[in-house]
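What follows draws every value from the coordinates through simple rules; no lab data is involved. Being a predicted model, the structure only gives us computed values, none of them experimental. Positions of Cβ are generated from backbone atoms using ideal geometry, with glycine treated the same way; all protein chains shown enter the neighbour counts.
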Protein chains: 2
Amino acid sequence: MVQGKVTIKQVAAAAGVSITTVSHVLNNVPGKRIHPETRERVLAEAARLGYAPNMLAQSLRTQRSHTIGLVGDEIATTPFAGKIILGAQDVAAAHDSVVFVVNTGYERETEDREIDALLRRQVDGILYASMYHRPVELPAKLANVPTVLINASCADPAVAWAVPDESAGGEDAAEVLLSAGHRRLAFINDVDEIPAAFGREEGFRRRAAAWGLAQEDLRVITAEADPGGGYQAARRMLNGAMTRPTGIFCFNDRMAMGVYRAAAELNLKVPRDVSIVGFDNQDFIADGLYPGLTTIELPHYEMGVWAAEQLFTQISSERKPALAPTTRIRGPVIHRDSVAPPFQGSSLEERHQPADRRSNA
Amino acid sequence: MVQGKVTIKQVAAAAGVSITTVSHVLNNVPGKRIHPETRERVLAEAARLGYAPNMLAQSLRTQRSHTIGLVGDEIATTPFAGKIILGAQDVAAAHDSVVFVVNTGYERETEDREIDALLRRQVDGILYASMYHRPVELPAKLANVPTVLINASCADPAVAWAVPDESAGGEDAAEVLLSAGHRRLAFINDVDEIPAAFGREEGFRRRAAAWGLAQEDLRVITAEADPGGGYQAARRMLNGAMTRPTGIFCFNDRMAMGVYRAAAELNLKVPRDVSIVGFDNQDFIADGLYPGLTTIELPHYEMGVWAAEQLFTQISSERKPALAPTTRIRGPVIHRDSVAPPFQGSSLEERHQPADRRSNA
DNA sequence: TTGTAAGCGTTATCAG
DNA sequence: CTGATAACGCTTACAA
């Protein structure tokens, strides 16, 4: 009620007891038996005054700030980041905690400064997130603080981390195409040599092999992981009608965007003439494309949740074990309209071109 | 060096002085003259021990936490949010502060709970951000806390806010098209009755009028603010060759995405047959489309910066004035490749442009 | 020039 | 059952 800062002292005065007693009843101190009547009185006054403990004082005393830090390289700049923050915040809230988020912009100096800032504020732990799945090394400052990595792995077996299950994603993508009946597949992979590229290809190949697909029916080419890269790769790949893949898996949705364009230019309809599977389920792209893009979602929210939960158990446990848990989280496949059984009719060259579809080059 | 928690007391002991002296030298207390030699000693020991003041204690004592809160309805879920966070963080860092970010998900209850959590942590102030430009009313809890609104306006003249300059955006869009030579324009506006819709239309019309454009040469229709909406509107609008607008301004980039598709289906080339201007400069869409979309960028980062700076001056000033500053920030136009002079040739069954206004590019 | 001590708002120990 | 009182780590009168 009364605005401003009402302290435990005022509650005590109002209830005609000592602050000790107030603290006892408000915190439900185990060993303490308090007269029901005074307890009521205290509770009533506290409520009436709108008392809420000052957590700075509380933290100082208990050495527990109920605060965690989320530091990321590009955490705030990228469309994916949000979900991670959200996941972390949701579990933080469940632990009466709130989260500081800081963006380092890949600057070591900024990172150091900000981590210091967090540490001086006695954060109970730190979530260290990378925007893109990659191996990192833990900043030295964090050696003695509960920390868990998100979207990043670490050689040190003592640090916990969560990453997407890339190869499961690759498998799922293959499964979607294969089970729709496709037998000539292609994977347009990222040129960069990163875990996501390795993992997705590995899974894709593995599942294709499991279906008995012949080597020559699975082409893998690499390109820049953007619309332009996807476009160029697709132009190259979609040329010969005989050998053209009927199902294409793209490293990410942005590349898929380029593949759509290439297909349109070549007068190929998605999904009738080519089925396409993306990766990321990127907001406004996957669902903005026409037809809607079937894609594998990255488990950002889930990683945030897992990591935060892991962090809180680490915080409340005495000493961290020498071997920290790690996880690879599988993202769901989001079915939209870019995958269909391969077209069985005559080959494209024999068909009549629709009049409104002049090819542009 | 020594990890863990080194306190001022340890520094004092190591330097052979009292904690008062340590505090004095470390804080450069104005009125105090300290012997250069002891000052050196203190500094040296502090550095050697790697001392950093515990800000919880400091905050408790000084009643200044060097901490601000950024609460938003969807702050973390949307691709725009990041820039706001970034702007806020950048200026926070310049003020030795760090920012809590919380997402309310439009739930009043969550909002209350989280704001309480921030207040109990003694945040120095709060940035209250809306994901989409709209009027809001300030949560009652924030009445006595320095607060500034981002992407939201407020009827209360005592609260400060920053919003995008929508009508300037509309003007700029019109200018881009008109100065490229277009004389038959269209604006595909959002059906929702929101400030962005009003403002952009108003600006667009105003600038068109300033160029002397006749009423009938500026069509405005509304649609859902997504690719589907843009697509349908464009299909409707791009039909008759005679009356077809040569320049289209879309309420946002997502709608523009749909317009691209409609244009492609109608065998109209962008920008040769239709020039398109979007709004938002949304990552991965505006630059992912082909050809690249010319668009008006929303000043998220700038709003974050302005608001945070405003917040810090408010924090360090005694009492807030009855009339708080507000601002409308103009976003830059991002020139890409979706705008060109109207095509003068005859490849389409289009007749000549009205000869009255034959300007150039 | 330096030190003592009070106090920020809590919690925890230990008496009464 | 309840209440002094000492921390938590720091800043800041006020003394010396």
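Descriptive notes on the structure:
- Close amide H contacts of A:Met131 (hydrogens built in the peptide plane, cut-off under 5 Å, sequence separation of 5 or more or a different chain): A:Asp73, A:Glu74.
- Segments B:155-162, B:97-104 sorted - mean Cβ within 10 Å per residue, highest first: B:97-104, B:155-162
- One decimal place: the segment B:Ala209-B:Thr7 gains 65.9 nm when fully extended, by the rule 0.36 nm per residue minus the C-alpha distance.
- Computed over segment B:199-293, the Cα gyration tensor eigenvalues convert (square root of 5λ each) into semi-axes of 20, 16, 12 Å, ordered from largest to smallest.
- Per-copy distances of the A:Gln63 label point, shortest first, in nm (7 angstrom along Cα→Cβ): 3.0
- Exam field: A:Asn144 pseudo-label spacings to other copies (7 Å along Cα-Cβ), nanometres: 4.0
- Sum of side-chain charges, B:Val22 neighbourhood, beta-carbon under 15 Å (Lys, Arg +1; Asp, Glu -1): +3
- Whole-number Å³ per residue for the convex hull built on Cα positions in the protein assembly as shown: 197 Å³
- Each copy carries B:Lys269; placing its label point 7 Å along the C-beta direction from Cα gives inter-copy distances of 2.5 nm, listed from smallest up.
- When the Gaussian network model of chain A links Cα atoms closer than 10 Å, the mean-square fluctuations of A:Thr246, A:Thr77, A:Thr21 top out at A:Thr21.
- When you filter the GluC sites (Glu not before Pro) in segment B:229-319 for DSSP loop state and at most 11 other Cβ atoms inside 10 Å of their Cβ, you are left with B:Glu318.
- When you restrict to C-alpha pairs under 8 Å that are six or more residues apart and normalise by the size of segment B:179-301, the relative contact order lands at 24 percent.
- Considering only B:Met303, B:Met237, B:Met55, the mean-square fluctuation computed in a Gaussian network model of chain B, springs between alpha carbons under 10 angstrom, is largest for B:Met55.
- Every helix of 4 or more DSSP H residues in the protein assembly as shown counts as -39500 (n - 2.57), and over all residues that averages to -12000 deg cm²/dmol at 222 nm.
- Net charge of Cβ neighbours under 14 Å - reference A:His335; Lys, Arg +1; Asp, Glu -1: -4
- Size descriptors for chain B (Cα atoms only): Rg and Dmax, in that order, 27.4, 93 Å.
- Computed from backbone phi, the HN-Hα couplings of segment B:133-145 come to 3, 7, x, 9, 10, 5, x, 3, 4, 8, 4, 9, 10 Hz, rounded to whole numbers (Karplus: 6.51 cos²θ - 1.76 cosθ + 1.60, θ = phi - 60°; Gly and Pro given as x).
- Fraction of the pair-distance distribution of segment A:8-53 above 16 Å, Cα-Cα pairs, percent: 22 percent
- Charge dipole of chain B about the Cα centre (unit charges at C-beta), most positive-ward option of B:Tyr290, B:Leu142, B:Met55: B:Met55
- Contact order normalised by residue count of segment A:8-53, Cα under 8 Å, 6+ apart, percent: 45 percent
- In order along segment A:147-154, the Karplus-derived 3J(HN,Hα) couplings, from 6.51 cos²θ - 1.76 cosθ + 1.60 at θ = phi - 60°, round to 9, 9, 8, 10, 6, 8, 10, 8 Hz, and Gly and Pro are given as x.
- Measuring r between the beta carbons of A:Arg219 and B:Asp156 and using R0 = 45 Å, the FRET efficiency lands at 0.10.
- Of the cross-linked pairs A:Lys9/B:Lys141; A:Lys269/B:Lys269; A:Lys141/A:Lys320; A:Lys320/B:Lys83; A:Lys141/B:Lys141, those separated by over 27 Å at the C-alpha level are A:Lys320/B:Lys83; A:Lys141/B:Lys141.
- Phi angles across segment B:19-29 convert, under the Karplus curve 6.51 cos²θ - 1.76 cosθ + 1.60 with θ = phi - 60°, into 3J(HN,Hα) values of 5, 4, 4, 4, 4, 4, 5, 5, 9, 6, 4 Hz, Gly and Pro given as x.
- Listing A:Leu289, B:Leu127, A:Leu43, B:Leu119 from fewest to most neighbouring C-beta atoms within 10 Å gives A:Leu43, B:Leu119, A:Leu289, B:Leu127.
- The alpha carbons of segment B:28-185 give a radius of gyration and a Dmax of 22.2, 79 Å, in that order.
- In this structure the amide hydrogen of A:Ala162, modeled in the peptide plane, comes within under 5 Å of the amide hydrogens of A:Leu149, A:Ile150, A:Asn151, A:Ala152, A:Thr327, none closer than 5 places in sequence on its chain.
- A DSSP coil position with no more than 15 other Cβ atoms inside 10 Å describes the following GluC sites (Glu not before Pro) in segment B:135-233: B:Glu137, B:Glu193.
- With R₀ set to 45 Å, the beta-carbon distance separating A:Ala94 from B:Arg236 gives a calculated FRET efficiency near 0.40.
- Percentage relative contact order, chain B, counting C-alpha pairs under 8 Å, at least six apart: 17 percent
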